[in-house]
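Single-structure report; data block below.
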Ligand code: ATR
């Protein structure tokens, strides 16, 4: 029987998930479809009822519903209960189970490069929706410590509290106080939205070197100024699209129980490159 999947959020028309998943269905000859379904803030409950009525097999959840969606789940995977946000839901005869594949999706590029991040020092820029999944990932891999730098210090303090609670030693600073201290870290992650509109790097990377790992979770444009500056220093760079693919392949595997066709999904995202 044909299966249906969706991504819910608002705005949703620019979501890349329908393309990525449809490419996987085509590659593996699966009788499945994947749609983008706009559910405005405040209409989540009705939206989920509608999806249940059409017997949706699974769906991804994006802004602004990742936290509120927790209320409507019947079962929680551990990834989702730790982070307190959900991005993937499976529907088993009306029983909704939530997962958070952002955490493992974030870690996937390190695994692909066989980089062990245990005991490394991390600088995380940003303290918004994505930061918790990233912190949970770093905690799982036992990095040494994490410094959270954010424009609004109160938001940084909140995620630092979360980090310390799950056993990862963290501290908060204001992003404009980083100065030339980027060189003191092994891994630098941009989880702010700076770069989406082609802005220049949110911090100076002048003093980093080729041993630094620089990761941007902004995936559009692919080559942000932040990553360009890191490349100039010979750093190892990790692209935002890799995390996007990582979370999508994990969601695919939860829903279909088979290995995701990574290369076909990557090609759908990047075109011929
Ligand atoms: P997401 O869900 O993608 O993480 P978000 O929750 O809106 O998005 O968080 C965006 C992050 O980018 C926040 O850390 C935000 O900083 P504030 O907490 O101070 O708002 C950060 N951010 C957005 N615009 C920024 C800018 N121009 N300079 C620095 N940081 C910025």
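The values are calculated or read from the model by the stated rules, or taken from the named source; none is laboratory data. Owing to the predicted nature of the structure, the values given are computational and were not obtained by experimental measurement. Glycine also receives a Cβ, built like all others from the backbone with ideal geometry; neighbour counts cover every protein chain displayed.
Kindly indicate which of 175, 188, 115 is outside the structural domain of residue 62 (by TED's automatic domain parsing) and within 14 Å of the ligand (Cβ to nearest atom).
175
Can you name the residue in the range 99-129 that is touching a helix residue (DSSP H, G or I) at 6+ places or on another chain (Cβ under 7 Å) and assigned to a helix (DSSP H, G or I) and, of all such residues, is surrounded by the most Cβ atoms within 10 Å (Cβ to Cβ)?
102
Restricting to the range 192-215, count the residues that are within 9 Å of the ligand (Cβ to nearest atom), in contact with a strand residue (DSSP E or B) (Cβ under 6 Å, 6 or more places away or on another chain) and more than 12 Å from residue 225 (Cβ to Cβ).
Matching residues across the range 192-215 total 1.
Return a yes/no flag: does the range 134-152 have any residue that is in a helix (DSSP H, G or I), over 16 Å from the mean Cα position of the chain (by Cα), under 19 Å from residue 208 (Cα atoms) and within 16 Å of the ligand (Cβ to nearest atom).
Within the range 134-152, not a single residue is in a helix (DSSP H, G or I), over 16 Å from the mean Cα position of the chain (by Cα), under 19 Å from residue 208 (Cα atoms) and within 16 Å of the ligand (Cβ to nearest atom).
Quick one: residue 162 ticks every box in (1) more than 25 Å from residue 80 (Cα to Cα); (2) within 15 Å of the ligand (Cβ to nearest atom) except a single one, so which number is it?
(1)
Does residue 85 qualify as being within 16 Å of the ligand (Cβ to nearest atom), in contact with a helix residue (DSSP H, G or I) (Cβ under 8 Å, 6 or more places away or on another chain), in contact (Cβ under 8 Å) with a residue 40 or more places away in the chain and over 26 Å from residue 211 (Cβ atoms)?
Here the answer is yes, as residue 85 does meet what is asked.
Within the range 13-25, track down each residue that is more than 16 Å from the chain's Cα centre (by Cα), within 18 Å of residue 87 (Cβ to Cβ) and free of Cβ contacts under 8 Å to residues at least 60 places away in the same chain.
Once the filter is applied, which keeps residues that are more than 16 Å from the chain's Cα centre (by Cα), within 18 Å of residue 87 (Cβ to Cβ) and free of Cβ contacts under 8 Å to residues at least 60 places away in the same chain, the range 13-25 yields 14, 18.
For the condition touching a helix residue (DSSP H, G or I) at 6+ places or on another chain (Cβ under 9 Å) and closer than 23 Å to residue 178 by Cα, what is the one hit in 239, 262?
Going through 239, 262 in turn, the sole match is 239.
Can you tell which of 117, 95 is under 23 Å from residue 43 (Cα atoms) and touching a strand residue (DSSP E or B) at 6+ places or on another chain (Cβ under 9 Å)?
Of the residues listed, the single one that is under 23 Å from residue 43 (Cα atoms) and touching a strand residue (DSSP E or B) at 6+ places or on another chain (Cβ under 9 Å) is 95.
Just to be sure, is residue 182 at pLDDT 95 or above, within 13 Å of the ligand (Cβ to nearest atom) and either surrounded by 14 or more Cβ atoms within 10 Å (Cβ to Cβ) or within 22 Å of the chain's Cα centre (by Cα) (or both)?
So residue 182 does not fit the description; no.
Out of all the residues in the range 26-46, which are assigned to a helix (DSSP H, G or I), without any contact (Cβ under 8 Å) to a residue 40 or more places away in the chain and surrounded by fewer than 19 Cβ atoms within 10 Å (Cβ to Cβ)?
45, 46
Quick check on residue 63: is it modelled with pLDDT under 95 and either touching a helix residue (DSSP H, G or I) at 6+ places or on another chain (Cβ under 7 Å) or outside the structural domain of residue 163 (by TED's automatic domain parsing) (or both)?
When the stated conditions are applied, residue 63 passes them.
Return a yes/no flag: does the range 57-64 have any residue that is assigned to a helix (DSSP H, G or I) and closer than 23 Å to residue 93 by Cβ.
Looking for residues that are assigned to a helix (DSSP H, G or I) and closer than 23 Å to residue 93 by Cβ, one finds none in the range 57-64, hence no.
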